[in-house]
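The values are calculated or read from the model by the stated rules, or taken from the named source; none is laboratory data. Everything numeric in this text was worked out from a predicted model, so none of it was measured. Neighbour counts are summed over all protein chains in view; Cβ atoms, including those assigned to glycine, are modelled from backbone coordinates with ideal geometry. Heads up: the accessible areas ignore ligands, DNA and RNA and are worked out on the full protein's heavy atoms, side chains in. Shrake-Rupley method; radii C 1.70, N 1.55, O 1.52, S 1.80 Å.
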Amino acid sequence: MKISDIFDKNDRAVLSFEVFPPKKTSPIESVYSKLEEICALKPDFISVTYGAGGTGGHSRTCEIASKIKNDFGVESVAHLTCVNSTKADIDSTLEDFKAHNIENILALRGDYVEGIEPQKDFIYASELCEYIKSHGDFDIGGACYPEVHLEAKDEVEDILNLRKKVEAGAQHLISQLFFDNSVFYRFIERSKIAGINVPIEAGIMPVTNKSQIERMVSMCGASLPSKFVKIMQKYDSKPDALRDAGIAYAVEQIVDLLANGVDGIHLYTMNNPYVARKISEAVASLL
Ligand code: FAD
């Protein structure tokens, strides 16, 4: 099923999860039991990340997205980046997706990788959206940044670029993670003013260990409210307590987002079935 149809059919907020393939040094089967547990929670869909290196990385994404959809019975979305890909690379990936019955793609530019000279066929995700649109019957999603993409000059430029991505074919958007809901609400306002009318899911990352959050924050620049920092400091050396506090914080964010009419929640599960289950159970009756 197309993700756009899931949004159209539901008069409630959509709940989706994100998972990632194992490192190339681990067998792909090593994540299957966790994926099965995560799929058993029956989110509306699960998206599968795409390796930052680009070319050649699609096969694991494709295999896992296919497993989720065809074996575990949950609709899947395959992420696809273009910064290190030629049109011929993208053509072959799209063929693979089709062959595996994958109908939904999250079209991304991807980050520049040190030591890899970017290809020139695609500069922005909007160009990939346009290309996918003209090369098959895929549903296309895109990424968005409540705290503004790190490379953008300012929020006005970023939102106008986001509008170009929607005009190029992105039918729904998934946000970068954030820990302060007011940042997301201001972003939704800017999007509406800019005439962006597609569904926007809020990206929520439950923090379950300190190094994870430090890595994420340095990569995406999310700001940390003092309430959140206090939790991290207090439970820094108690892994179970930090995990439970991280789950509680994410649930509180989600309850507030749902009460404010968010289109959907996209949970960065970090392939952790326990965390995904705790959060799903806590918000199930609110969706
Ligand atoms: P774009 O939409 O192209 O934007 C990149 C920058 O260019 C922005 O600053 C934007 O303002 C600017 N821009 C866009 N269009 C134009 C234009 N026409 N003219 C001038 N400037 C323009 N990375 C991975 O490697 N694999 C993944 O699986 C992955 N999944 C992600 C999932 C989500 C939900 C999110 C939020 C991010 C994900 N990323 C992933 C990270 C993403 O690849 C990076 O954030 C990347 O830096 C930007 O990708 P994008 O698709 O948003 O790019």
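Scan region 178-190 and tell me whether some residue there is more than 12 Å from the ligand (Cβ to nearest atom), within 14 Å of the chain's Cα centre (by Cα) and closer than 30 Å to A259 by Cα. No: zero hits.
Restricting to region 204-232, name every residue that is hydroxyl-bearing (S, T, Y) and either touching a Pro at 6+ places or on another chain (Cβ under 6 Å) or over 14 Å from I247 (Cα atoms) (or both). The answer is S211, S218, S223, S226.
Restricting attention to region 132-147 and to residues that are within 13 Å of the ligand (Cβ to nearest atom) and either hydrophobic (A, V, I, L, M, F, W, C) or in a helix (DSSP H, G or I) (or both), the residue that is farthest from the chain's Cα centre (by Cα) turns out to be I132. Only residues that are open to solvent by 40 Å² or more (accessible area, probe 1.4 Å) and either not in a strand (DSSP E or B) or not polar (S, T, N, Q) (or both) were counted in region 150-177, giving 13. The condition (being open to solvent by 20 Å² or more (accessible area, probe 1.4 Å), polar (S, T, N, Q), modelled with pLDDT of 95 or more and within 17 Å of the chain's Cα centre (by Cα)) is satisfied by just one residue among T61, T49: T49.
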